[in-house]
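Novice: Sending over a structure as structure tokens; questions will come in a sec.
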């Protein structure tokens, strides 16, 4: 065990790291003493539990272009356009993108959180404020691929209208999909078909998921009922009898609405089947990592999770962030935090159950707001974020839970360690083999952008994310203007940001030139914006980072951001679709130029690429 980890373990269990001395005031306690005292306290002081890393990332193969550095795509599943979907990207679209990615030499597809939302209130569409992180979003089901579907079950005009919109119309999508899915359910679960293989598999799923799934389905049934009665979808707005999952009124509702509860369970089963199928397709297509899923930092205060298991969540406070230059009043994310004393210590760790729910499908997971491994900023109810405070979490036990699940599912882990990172977190992550998360625009020091070779090997590097404008938008300063338009920063700070961006652009051009990506002889020639975008991707591709993620919105040159952090009603967060359909991606010049750069800088072995293409073609 490394000294820093041993010291943290000793301090956690009350062992002082120094003792009084004679010739000097304090003498450092030896590592041997710490280990022996820990053993005397029945504390295991073995090696740090480390997360899984696949062999091809840690060992260089016999071919010069193999091992250690791979790349993949990142996208928001809902943003995908296609000629067949119903107004929102779905699991069938994802399967098509997997095939495309494999043919281009990629090794993973990074996705937004796929957690269960509030089906009864589709406008609550943020994937980072889910109702329950253990279950899936049924709106991603490809309805036309569900057994029992017929074209006459849906109105083609309604589907076309949803498909052609520039923003995802969540209420329309929910009405369309849930209406047809309910028809399929009603027809395929009739008495005459209850004994078929699908029914047997469904019953096995119900048995496997047990009470947790039943409670989630019960929540959805009550939520839908309450919305119909004019109440809210979240449980904090319900009559008091319904707020307690064990109340006799709730038990009576459960008995009376058994068919609706079973339908909600069936939706989860169909979603799991389809996502399982995509995950299998990714592996068979040659994506060595496969799907890379995102985990939200918490759940909605009034959602299924906090209603189903109230005792494991903090009450009277919510997760947020303190004031910073980009949000001068701080932020209250209105997310429920798991109780520090229960998060990883209970017989069946809530944290472990949550990450396992994603790892069953994924070759990699990203932990949003990895600072939560050490601490969370909690805002008391009724107070502003300026009145919040940090609360420590048991990082050693959380990392152990992550490592155990990671090893079991052979799933690597990335920690989103941006913003206010607590001291020692990145070292802890590295010791546990969690990859750091590095964004080009953040990787600067006093001299400018850090060189590609200075990126840590244990990291994922990217040019932009869902919380940022695209690289082209950053170059234009769209992010600065967006924050100003929404009143998120004072006018004087906006002026400073504009002036700073001029310097940042010059710094980036200098970095690209020093890396040999731009020719020194054209130093006085301002490059075309797409040249900068391609060059920026080549720059991060040359980095030491094991993984590089290419955001689909950068490849399609989207002008609208996915999300403007700190806004709610002022911008249609989590709704903008891509401007290009999946079928047309290969026709885009920018798409092909960036992919070419990635393949040149991080080439896949010919044998691996041939195998991927063979898997796609079924040969």
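The values are calculated or read from the model by the stated rules, or taken from the named source; none is laboratory data. Remember, it's a predicted structure, so these values are computed and weren't measured experimentally. With ideal geometry, Cβ positions are generated from the backbone for all residues, glycine too; neighbour counts draw on all protein chains shown.
Novice: Restricting to the stretch 366-389, name every residue that is touching a residue at least 40 places away in the same chain (Cβ under 8 Å) and more than 20 Å from the chain's Cα centre (by Cα).
Specialist: Going residue by residue through the stretch 366-389, those that are touching a residue at least 40 places away in the same chain (Cβ under 8 Å) are 366-381, 384-386, 388.
Correct list: 378, 379, 380, 381, 384, 385, 386, 388.
Novice: Restricting to the stretch 468-491, what's the tally of residues that are assigned to a loop (DSSP other than H, G, I, E, B) and touching a residue at least 12 places away in the same chain (Cβ under 8 Å)?
Specialist: If we filter the stretch 468-491 for residues that are assigned to a loop (DSSP other than H, G, I, E, B), which is where we start, we get 468-470, 477, 486-490.
Okay, now just the ones that are also touching a residue at least 12 places away in the same chain (Cβ under 8 Å), so 468-470, 477, 486, 488-490.
Residues in the stretch 468-491 being assigned to a loop (DSSP other than H, G, I, E, B) and touching a residue at least 12 places away in the same chain (Cβ under 8 Å): 8 in total.
Novice: In addition: Looking at residue 135 and the list (1) over 18 Å from residue 602 (Cβ atoms); (2) outside any loop (DSSP other than H, G, I, E, B); (3) at pLDDT below 95, which single condition is not satisfied?
Specialist: Here residue 135 clears every test but (3).
Novice: Scanning for something under 26 Å from residue 452 (Cα atoms), touching a residue at least 60 places away in the same chain (Cβ under 8 Å), touching a helix residue (DSSP H, G or I) at 6+ places or on another chain (Cβ under 6 Å) and not in a loop (DSSP other than H, G, I, E, B), does the stretch 517-530 turn up at least one residue?
Specialist: So in the stretch 517-530, the residues under 26 Å from residue 452 (Cα atoms) come out as 517-530.
Those left that are additionally touching a residue at least 60 places away in the same chain (Cβ under 8 Å): 530.
Checking which are touching a helix residue (DSSP H, G or I) at 6+ places or on another chain (Cβ under 6 Å) leaves us with 530.
Remaining after also requiring not in a loop (DSSP other than H, G, I, E, B): 530.
Yes, the stretch 517-530 contains a residue that is under 26 Å from residue 452 (Cα atoms), touching a residue at least 60 places away in the same chain (Cβ under 8 Å), touching a helix residue (DSSP H, G or I) at 6+ places or on another chain (Cβ under 6 Å) and not in a loop (DSSP other than H, G, I, E, B).
Novice: Another question about this same structure. Residues that are out of contact with any strand residue (DSSP E or B) (no Cβ under 6 Å at 6 or more places or on another chain) and in a helix (DSSP H, G or I): does the stretch 409-419 have at least one?
Specialist: yes
Novice: In this structure, is residue 208 in a helix (DSSP H, G or I) and either modelled with pLDDT under 95 or over 28 Å from residue 158 (Cβ atoms) (or both)? Steps first, please.
Specialist: Numbers: in a helix (DSSP H, G or I): yes; either modelled with pLDDT under 95 or over 28 Å from residue 158 (Cβ atoms) (or both): yes.
Yes.
Novice: Do you know which residues across the stretch 453-464 are closer than 18 Å to residue 553 by Cβ and surrounded by fewer than 20 Cβ atoms within 10 Å (Cβ to Cβ)?
Specialist: none
Novice: So, one more: Please state which one of 494, 567 is out of contact with any strand residue (DSSP E or B) (no Cβ under 7 Å at 6 or more places or on another chain) and assigned to a helix (DSSP H, G or I).
Specialist: Numbers: 567 fails: assigned to a helix (DSSP H, G or I).
From the options 494, 567, the qualifying one is 494.
Matching residues to (1) within 29 Å of residue 234 (Cβ to Cβ); (2) at pLDDT 95 or above; (3) surrounded by fewer than 23 Cβ atoms within 10 Å (Cβ to Cβ):
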residue	(1), (2), (3)
114	yes, yes, no
145	no, yes, yes
159	no, yes, yes
167	yes, yes, yes
170	yes, yes, yes
181	yes, yes, yes
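Novice: Can I ask one more? Within the stretch 111-136, count every residue that is over 18 Å from residue 272 (Cα atoms) and in contact (Cβ under 8 Å) with a residue 60 or more places away in the chain. Please lay out each step first, then the result.
Specialist: Within the stretch 111-136, the first condition is being over 18 Å from residue 272 (Cα atoms), and the residues that meet it are 120-126, 128-129.
Among the residues that remain, those that are also in contact (Cβ under 8 Å) with a residue 60 or more places away in the chain are: 120-121, 124-126, 128-129.
Residues that pass the stated criteria total 7.
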